[in-house]
Amino acid sequence: MTASLKCLLILMMAAAAPLASRAMAADADHGADLAKRWCATCHVVGSEQRQASADVPSFASIARRSDFTAEKIAFFLLDPHPKMPSFPLSRSEAADLAAYIGSLKK
């Protein structure tokens, strides 16, 4: 590959990077769907839900924690931990769930 072709390829990739990051942004609406399907048995995941397990925090209370960040929650969801069932979440699904939880901060 010639140097000018390599340079052109690098410039094209650099120009496309912002578009790719916007396309891969977390989707809180999809996160809400995932939460209702997978998390609502144990957690209160939305204002319309009245009951869940007594010993786990609601998603709204998680969002209001002073140390809450969507990145931290997404990482937590991808890392196996003892008290929660092991869901095979993709990185984008974990980011979507985290974005939804973050949207509940009031």
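Measuring from label point to label point, each 7 Å out along Cα→Cβ, what is the LYS105 to ASP29 span in nm?
A separation of 2.3 nm, rounded to one decimal place.
Mind giving me the FRET efficiency for SER86 and ALA54? R0 is 25 Å, r the Cβ-Cβ distance, nearest 0.05 is fine.
0.65
Net charge around ASP27, counting only other residues with Cβ within less than 10 Å of its Cβ (Lys, Arg = +1; Asp, Glu = -1)?
That works out to -4.
Throughout, read-outs are computed from the coordinates displayed, never taken from laboratory work. These numbers come from a predicted model, not from an experiment. Positions of Cβ are generated from backbone atoms using ideal geometry, with glycine treated the same way; all protein chains shown enter the neighbour counts.
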